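One structure is given below, encoded as structure tokens.
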Amino acid sequence: MFIRTFNKVSYKRLPLLIKDDGTPLLHTFIFCITSKFIRLRYNTQYSYLITIRELYNAFKILDYNLDNILLNGDFRIFFSEFGRSAQLFIFKNEIKIQNQIIKLDCIKNYIKWSIDRHLNRNANPIDVDYIKSVDLDDFFNTFILRRNNTGLQFKSLTSSQLKSLHEIIQVNSDLNPFTVFLQNRNYLILRILLDTGIRIGELLNLTTLDIKIIADVPYLVIGRHEYMATDKRTRRPSIKTDQSNRLVAISKNLYEKLLLYIKKDRRNNSKISHPYIFTAKNNDPISINAIYDIFNKINNVGILSSPTWEKITPHILRHTFAYDFLKYLIEVHNYDMERAKDELRKICGWKNNSSLPLHYTGKYIWELSNGHNIKRISQYYE
């Protein structure tokens with residue numbers, strides 16, 4: 001069983017799960033062309049199918065043909081055997097908890113679609129009472145809770161780690177590993193990620209027209225624009241969902257530094273023929289690989305300068321923003337948890353019903369409860 005990519009209309013690509021005889025796996029084929037899967041980004045589709053392939057292979061090891069099980073609606077078999085199959089490809093020590101959760105969420109969505117299809121297309125679906133009695137969220141959350149009893153599902157930077165990072169990326173810092181030409185650009189990239197929590201694709205899509213002043217407040221305009229269609233980067237950055245289209249406020253300090261960078265470093269270079277804010281040495285828009293190269297060099301310096309340094313990534317900065325923003329809303333503005341989660345969804349560009357804020361509220365409550373317990377038991381030893 002392998003994944004093969006096919007070209008659709010408008011030069012879009014679609015990966016499909018293919019059997020050893022060269023024909024598509026029927027149930028997954030129907031899923032790929034009729035579900036929301038077809039509207040996902042190609043890289044997301046491919047990662048999705050890797051997990052589905054692992055699921056099928058795990059059931060094959062257990063002597064089950066999962067495609068036939070799902071086509072026939074034998075979901076009782078799936079739910080009874082999923083725990084054993086998951087041990088073979090999800091719950092391994094070398095797979096990070098966050099990646100385990102991603103795989104479980106992928107499978108949950110696939111099974112939900114399978115159940116809906118089975119109930120909607122069959123006049124007399126088998127085991128209908130049993131199927132309707134299963135709460136998919138509870139079923140899969142049970143596996144998450146078993147593996148993740150620490151309350152920590154993501155990494156975010158502490159205040160001391162943030163201080164160390166700022167010491168490295170400051171322009172003219174002795175620790176800064178970049179040339180003078182790149183120091184200001186890279187500092188602004190890190191500042192935007194830390195101050196706004198935007199995604200890498202959203203950062204790479206920013207143009208000089210996306211810096212706005214509205215009612216004396218500077219904003220970055222995050223969203224799709226006409227220049228994306230002519231972007232020549234090999235890995236085109238994309239805007240993830242409709243909710244990603246938003247305005248994100250920035251400080252006047254960052255606003256002024258961005259304008260100065262655009263005026264001094266970009267407009268003085270007549271060879272730049274695109275509107276994107278951040279450019280590479282060859283004057284093309286900066287690539288996603290270049291962003292990761294920036295982080296690799298920062299990590300190399302951090303490891304040498306601090307024995308407690310932990311690797312940072314662009315997404316860790318997004319986690320840091322989300323968690324710090326949540327704490328700020330609760331502890332400074334005294335917002336209740338639900339209001340804080342709503343604001344987090346809005347500023348991070350998540351759907352209105354997204355469960356992602358639960359990751360951050362879970363860690364916040366975990367830290368709070370453990371802090372309270374430490375205070376409680378400390379009195380016994382005073």
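Every number in this text was worked out from the coordinates using simple rules, so none of it is lab data. Quick caveat, the model's predicted, so the values are computed rather than measured. Every residue, glycine as well, gets a Cβ built from its backbone with ideal geometry; the counts of neighbours run over all protein chains shown.
General remarks:
- Rounded to 10°, Cα long-axis angle of helix 136-147 versus longest principal axis of the chain: 60
- Using C-alpha pairs below 8 Å separated by at least 6 residues, the relative contact order for the chain is 13 percent.
- Helix 314-331 vs. the chain, principal-axis angle (Cα, 0 to 90°, nearest 10): 80
- Normalised contact order of segment 262-382, rounded percent, pairs of Cα under 8 Å and 6 or more residues apart: 12
- Cα gyration tensor, segment 283-378 - rounded (a/c under 1.5), prolate or oblate: oblate
- DSSP-assigned coil residues among GluC sites (Glu not before Pro) in segment 40-130, each with at most 16 further Cβ atoms within 10 Å: Glu94
- Loop-located chymotrypsin sites (Phe, Trp or Tyr not before Pro) in segment 1-72, at most 16 other Cβ atoms within 10 Å (DSSP): none
- Segment 2-147 shape via C-alpha gyration tensor axes, a/c threshold 1.5: oblate
- In the chain, the longest principal axis of the Cα atoms and the axis of helix 42-61 are about 40 degrees apart.
- Distance between modelled label sites at Asn245 and Glu226, nm, 7 Å Cα→Cβ extension: 1.5
- Under 25 Å between alpha carbons - lysine pairs in segment 2-147 that sit 8 or more apart or on different chains: 27
- Gained length - Leu259 relative to His315, 0.36 nm times residue gap less alpha-carbon distance: 17.6 nm
- Placing unit charges on the Cβ atoms only, positive for Lys and Arg and negative for Asp and Glu, gives segment 2-147 a dipole magnitude near 720 debye about its Cα centre.
- Between Leu175 and Asp138, the modelled labels are 5.0 nm apart [label points 7 Å from Cα along Cα→Cβ].
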